[in-house]
Amino acid sequence: MPKVMADSMLLVTKRQIADSQNLLNQKANLAIGDSILGITGGDDKLLIVNGIYHELGGLSSIDKIESWAMHTDEIEHLSISSDNSIYSDIPIWATRIAGLAGVGATIRVNDVLLGTDKLGHFFLKVASSTCAG
């Protein structure tokens, strides 16, 4: 591992940033509430999941919840350049979006450091599990 990358990872793990769990919970709960407001009668999981996807997901490579977490001033985050990330030695064709757009910001959720791109994965997984039954 290149020294610069190792130093960056050490800095990220040692730096104390505020936990964003409560803010993310609030954002997700508002989105869930907004997505079910217009549904009347019955338990239509697909309508609910589509509503949540509309509120938090999106058709671009960066979901709405990820973009919000990266850019809001409410959440403290760390930014690492692609050159200093774990993707620095991987060919651009193998990194896909991270190689072109850069890596997402790192945030703390429930005392765990994670990339904002994981938020979209989480909601997509929940949505697909819900639809599957």
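Every read-out reported here was derived from the displayed coordinates using simple, explicitly stated rules and does not represent laboratory data. Treat the numbers as computed from the prediction; the structure is a model and nothing was measured. In this analysis, Cβ positions are derived from the backbone assuming ideal geometry, glycine residues included, and neighbour counts consider all displayed protein chains.
Key figures for this structure:
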quantity: Efficiency of FRET from Cβ geometry, HIS121 and LEU78, R₀ 22 Å, rounded to 0.05; calculated: 0.70
quantity: Which of LYS45, LYS27 has the fewest Cβ neighbours within 10 Å, and the rest in rising order; calculated: LYS45, LYS27
quantity: Computed lengthening from LEU113 to ASN29, 0.36 nm per intervening residue step minus Cα-Cα distance; calculated: 28.1 nm
quantity: Residues with amide H under 5 Å from that of VAL109, placed H, sequence gap 5 or more; calculated: SER20, LEU114
quantity: Spin-label model distance (nm) - ASN50 vs ILE17, 7 Å beyond Cα toward Cβ; calculated: 3.6 nm
quantity: ILE36/ILE90 FRET efficiency (R0 41 Å; Cβ-Cβ; nearest 0.05); calculated: 0.50
